[in-house]
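Taking it in order: structure first as structure tokens, then the write-up.
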Amino acid sequence: MSDTEESTEKRLEQALQKGAPELKVQRISKVERLTGGLSSQNFFVTADTDDGEVIWVMRVEPKQGMITPYSMEREFNLIRAVGEAGVPVPEVLYLEKDKSIMDGDFILMSLVEGEIYSQNDPRLHADPALMKSVQNQFVEALAKLHSISQDVIPNYADGAESVRAQVAIYRTRLERAEQIPSPAFRNALEVLERGAPEAQRISLLHGDYRSPNLMFRDGKLQAILDWELARVGDPLTDIAFTQTTGAGICAIEGELAEYYTELTGVSVDEEEMEYHRFLEGTKAGIIGLGGATAVVKGGTDLRLLSVTASALGGGQLNDVRELESKFDKYRGK
């Protein structure tokens, strides 16, 4: 083990002994970086405690990322709030805002054991009964999320206001990401702003709702993960995400859309969905452009390359152009 790793473990050990005595930490024996993920840096933390060995998950604010600015405090408070409302999430244990310990704010949370299904997981294709169960639980959990109230994230008066707020955020991200002007994205944002629809309801949204962000064990949903994109807005935006960036076995369309409507009373109207798919495609493309820009500016995190390839190489830019052509009706607004 290197001196750097030892000092990281020692700093974390001292921070938890001081800031979270209820965790009863005697020694941090291992801090292991996890692969994957496109946002916060994730680690396994192995600790010796008064009650024996335990493994936690630590999420650290990244130096470089796709969706800056990050707020680990906001994520900590939100996960705690939705957990108290009955949504299955990891237990959040500790928030540290001293950046000197892990080179960024961090959250410590419980390790939820189980398995994750990819968006087109062959295990589900091979077991139709399991696939149906996972699909239904996927919809049920989102319906539950869309029904809860919270005071962690600011609310909006209506759906149009919430969409305009999203457009403003992504316009700023586009300005930061552009190396040369991107007229397709600029035009898309203008069209989205003009055509912002009213919502059937305003709900808490997950923002990254797809099967790889859900943990199952023995076929039962254990936890929804990765809450940094959560916000308040039109629930059809989450539905649209499952049909675009999150598309796969659990895309909420057809019978699954009907089931969602049965649970929530929110109609998955196809004309409204066209707008929200356009919004999600635009956002994904801008995030991908941001990844490319970060690499050009010297970013070394390989996740930057991954998200760029996924968003731009996966056809998101073409999707934006195709969808944008359908929105002439909004230009006069």
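Miscellaneous remarks
- Sorted by Cβ neighbour density within 10 Å, fewest at the top, the residues Ile55, Ile249, Ile286: Ile55, Ile249, Ile286
- Entries in Lys10/Lys97; Lys144/Lys220; Lys24/Lys220; Lys18/Lys144 that, when Cα-Cα distance is taken, lie over 25 Å: Lys24/Lys220; Lys18/Lys144
- Distance between modelled label sites at Ile169 and Ile116, nm, 7 Å Cα→Cβ extension: 2.1
- Remark: the Cα gyration tensor places segment 40-115 in the oblate category, a/c being 1.5 or greater and a/b not exceeding b/c.
- Ile148/Ser7 FRET efficiency (R0 41 Å; Cβ-Cβ; nearest 0.05): 0.50
- Relative contact order (percent, whole number), segment 3-110, Cα cutoff 8 Å, 6+ residue spacing: 21
- For Arg123 and Arg201, the difference between the fully extended length at 0.36 nm per residue and the C-alpha to C-alpha distance is 24.5 nm.
- For Lys220 and Ala247, the difference between the fully extended length at 0.36 nm per residue and the C-alpha to C-alpha distance is 7.6 nm.
- Under 12 Å from Lys30, Cα to Cα: aspartates and glutamates that are on another chain or at least 8 residues apart: Glu5, Glu6, Glu9, Glu13, Asp48, Glu53
- Full-stretch length increase - Gln179, Asp269 - with 0.36 nm per residue and alpha-carbon distance subtracted: 28.7 nm
Computed from the coordinates by the stated procedures, all read-outs in this text should not be read as laboratory data. This one's a predicted model, so the numbers in the text were calculated from it and none came from an experiment. Positions of Cβ are generated from backbone atoms using ideal geometry, with glycine treated the same way; all protein chains shown enter the neighbour counts.
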